[in-house]
Structures are given as C-alpha cells and as structure tokens.
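J.: Structure in structure tokens, see below.
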Amino acid sequence: MELKIDRGLKTYEIKDIDGTLVGTIRFNPADLGMAGRAENAKKALTELGASIPENAGPEVVNNMDAAIRQQFDNIFGTKVSEVLFKDVSALALCEDGRFLYEAVLDALAPILQQAQESAAKKAVARVESHTGKYRDSAAGLAPGQKVE
C-alpha cells in the first residue's frame with residue numbers, strides 16, 4: 001500500500017554567480033514553521049558572526065563553520081548546507097564584504113517571504129470558500145436564532 005501526500009516540497013537549483021550548478025535543494029518554502037526556526041537561527045548566526053576573534057585559528061573557524069551549517073540545516077529540516085556551501089566555508093567572504101552565509105540568507109529571504117504570503121492568501125481564500133456563505137446570514141442557525 002502506498003500513501004502519497006503533497007508536502008509542498010519544491011526543488012531549487014543552486015548556482016554560483018557565474019551560473020555553475022552547485023547542486024539542488026528541496027524544501028517547502030511555504031512552511032510557516034521556517035519563520036520561527038529562521039528567527040532563532042538568525043539570532044544564533046548574529047552571535048556567532050560577532051564572536052569571531054580577529055586571530056581565530058583554523059579550529060575555531062572550522063567549529064564556527066560547522067555551527068553555521070547546522071543552523072541552516074535546522075531552518076530547512078534537511079541537509080541544505082551541503083549544497084549551499086559545497087566546498088566553501090560559510091564564513092568565506094564575498095566581494096561585498098558579507099560572509100557567504102549572509103549572502104545565502106539574503107538570496108533565500110524573498111523566496112521564503114513570497115511563498116509564505118502566497119500560501120497564507122490561499123489558506124484564507126480556502127477557509128472563506130467554506131465559511132463565507134454563513135457570514136451575516138441566518139444560514140446554519142437553529143429556528144428562532146437571530147443574526148447579531
């Protein structure tokens with residue numbers, strides 16, 4: 001027996017700025033739980049980024065890189081860090097001075113926001129289609145009940 005469930009998963013190709021395919025990630029961008037997980041991760045990432053010592057040795061950098069990757073995996077509920085950061089540290093610096101993990105967050109934010117807003121609108125419309133006929137009417141009321 002097989003049970004198929006639409007979990008809202010979407011597949012995204014991740015490419016370098018020059019168009020080279022790095023890999024694919026798969027997640028539900030409209031997962032409302034991601035907002036809370038992302039907020040917690042953002043705080044943790046901010047603290048991590050601020051705590052990098054100027055003379056950090058390789059062990060410190062590697063531990064921080066692993067912690068950042070874990071935060072991304074927690075947000076998405078899957079090992080997205082393996083693709084998002086591939087063979088580069090999450091602490092690699094971009095040309096504009098941001099850490100790579102910051103650039104990744106900035107790139108993902110509009111996708112997540114748009115998907116969550118769209119899903120919320122669809123959910124409201126779905127509920128409205130079932131309950132709208134009862135608004136301001138006597139439909140569904142017992143005999144003698146009044147609309148207030």
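J.: If r is the Cβ-Cβ distance from K122 to I5 and R0 is 22 Å, what FRET efficiency results, to the nearest 0.05?
T.: It comes to 0.80.
J.: Taking 8 Å as the Cα distance limit and 6 or more residues as the minimum spacing, I'd like the relative contact order of region 1-57 as a percentage.
T.: 24
J.: Sticking with this structure for a sec: Would you mind working out the magnitude of the charge dipole of region 10-133 relative to its Cα centre, with +1 at each Lys and Arg C-beta and -1 at each Asp and Glu C-beta, to the nearest 20 Debye?
T.: 880
J.: For an R0 of 25 angstrom, estimate the FRET efficiency from the Cβ-Cβ distance between A107 and A56 and round to the nearest 0.05.
T.: 0.45
J.: Also, quick follow-up: Counting Lys +1, Arg +1, Asp -1, Glu -1, what net charge surrounds K43 among other residues with beta carbon under 15 Å of its beta carbon?
T.: -1
J.: Where does helix 100-131 land angle-wise versus the long Cα axis of the chain, in degrees 0 to 90, nearest 10?
T.: Computed tilt is about 10 degrees.
J.: State the Cα centre-to-centre distance between region 1-71 and region 84-116 in whole Å.
T.: After rounding, the separation between the Cα centres reads 8 Å.
J.: Let me ask another. Could you check which residue among F85, F99, F76 shows the biggest mean-square fluctuation in a GNM of the chain with a 10 Å Cα cutoff?
T.: F99
J.: Do any of K10/K79; K43/K86; K43/K122 go past 19 Å between their Cα atoms, and which?
T.: Long pairs (Cα-Cα over 19 Å): K43/K86; K43/K122.
J.: Report, ordered by chain and residue number, the aspartates and glutamates lying within cross-link reach of K121, taken as a straight Cα distance under 15 Å and ignoring same-chain residues fewer than 8 apart.
T.: Cross-link targets: D31.
J.: Another question, then. By the scheme Lys and Arg +1, Asp and Glu -1, what is the net charge of all other residues having a beta-carbon under 14 Å from that of R7?
T.: +1
J.: Charges on Cβ only, +1 for Lys and Arg, -1 for Asp and Glu, centred on the Cα centroid of the chain; of A109, P143, F27, which one is farthest towards the dipole's positive end?
T.: P143
J.: Cut-off 10 angstrom, C-alpha nodes, Gaussian network model of the chain. Which of L21, L100, L32 fluctuates the most?
T.: L21
J.: On to the next question. Relative contact order for region 3-148: what is it in percent, counting Cα pairs under 8 Å that are at least 6 residues apart?
T.: About 19 percent, as a whole number.
J.: Now a separate question. To the nearest 10 degrees, how steeply does helix 33-50 sit against the main Cα axis of the chain, on a 0 to 90 scale?
T.: Its long axis makes an angle of about 30 degrees.
J.: For L32 and A92 in the same chain, what is the full-extension length gain: residue separation times 0.36 nm, less their Cα-Cα distance, in nm?
T.: The L32-A92 span can extend by a further 18.7 nm.
All of the numbers you see were taken from the coordinates with simple rules; none came from a lab. What you are looking at is a predicted structure, and each value in this text was computed from that prediction instead of being measured. Using ideal geometry, Cβ is built from the backbone for each residue, glycine included, and neighbour counts are taken over all protein chains shown.
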